[in-house]
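The values are calculated or read from the model by the stated rules, or taken from the named source; none is laboratory data. Remember, it's a predicted structure, so these values are computed and weren't measured experimentally. Cβ atoms come from the backbone with ideal geometry, glycine included; neighbour counts cover every protein chain shown. Protein only, heavy atoms only, side chains kept; ligands, DNA and RNA dropped before computing areas. Shrake-Rupley method; radii C 1.70, N 1.55, O 1.52, S 1.80 Å.
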Amino acid sequence: MSADLTLFLREFARSFDEQTGAQARDRFLRAVGARMAERLTLPPCATIEAMEHEMNALLALIGWGQVSLSLDRGRHVLQIRHAGLPTLGGLGAPAGYWLAACLAGVYETWIGWQPDAAGGCAITWRPDQPREGNVFIMEYGSV
């Protein structure tokens, strides 16, 4: 990404947050993510492993890193470990993850469209989560 575009995006994000606040930003970015997922259609997948491979192929097309999926059967959630999400300086929560809600919208849409997907589920993450390098952890489960 060019320096001019990076500067523009950082200032856009900073101004957007000042104008709307974090909750409105996250609602907006989830909707943007859902629209992105509609354009980058994930095919039906029979297994979590197949879904992970298909997601990684689509994420590679837009340069948004890669994902690793695992099922936590005890808590009934799908853990999503995402590495390489583009960051905008220290903006967002956790710091640097301004696009987290957009990514959540992508994953919610992709997973929600899978055969036998459970209704009433959403992507969640802890804004105060400890950093694990460039890995960002989200979960898909009942709200």
Answer residue from region 79-92, given it is in contact with a helix residue (DSSP H, G or I) (Cβ under 7 Å, 6 or more places away or on another chain) and at pLDDT below 95 and is nearest to residue 109 (Cα to Cα) among those: 85
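Given 92, 105, which one is crowded, with 22+ Cβ neighbours inside 10 Å and over 12 Å from the mean Cα position of the chain (by Cα)?
On the way: 105 fails: over 12 Å from the mean Cα position of the chain (by Cα).
It is 92.
Given the condition more than 18 Å from the chain's Cα centre (by Cα) and on the phi < 0 side of the Ramachandran plot, answer yes or no: does some residue in region 74-82 qualify?
The initial filter retains those residues of region 74-82 that are more than 18 Å from the chain's Cα centre (by Cα), namely 74-76.
Applying the additional criterion that residues be on the phi < 0 side of the Ramachandran plot yields 74-75.
Yes, that holds for at least one residue.
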Residue match in region 39-55 (condition: open to solvent by 20 Å² or more (accessible area, probe 1.4 Å) and within 27 Å of residue 12 (Cα to Cα)): yes
Close pairs (9 angstrom Cβ cut-off, 6 or more residues apart or separate chains): within 12 Å of residue 136 (Cα to Cα) in region 86-97, buried (at least 17 other Cβ atoms within 10 Å of the Cβ) and among the small types (Gly, Ala, Ser) anywhere: 86/65; 87/96; 93/100; 94/100
Every residue from region 1-36 that is of a type in the set (Gly, Ala, Ser) and assigned to a helix (DSSP H, G or I): 3, 13, 15, 22, 24, 31, 33, 34
Search result, residues across region 1-27 that are without any contact (Cβ under 8 Å) to a residue 24 or more places away in the chain and either of a type in the set (Gly, Ala, Ser) or closer than 13 Å to residue 102 by Cα (or both): 2, 3, 15, 21, 23, 24
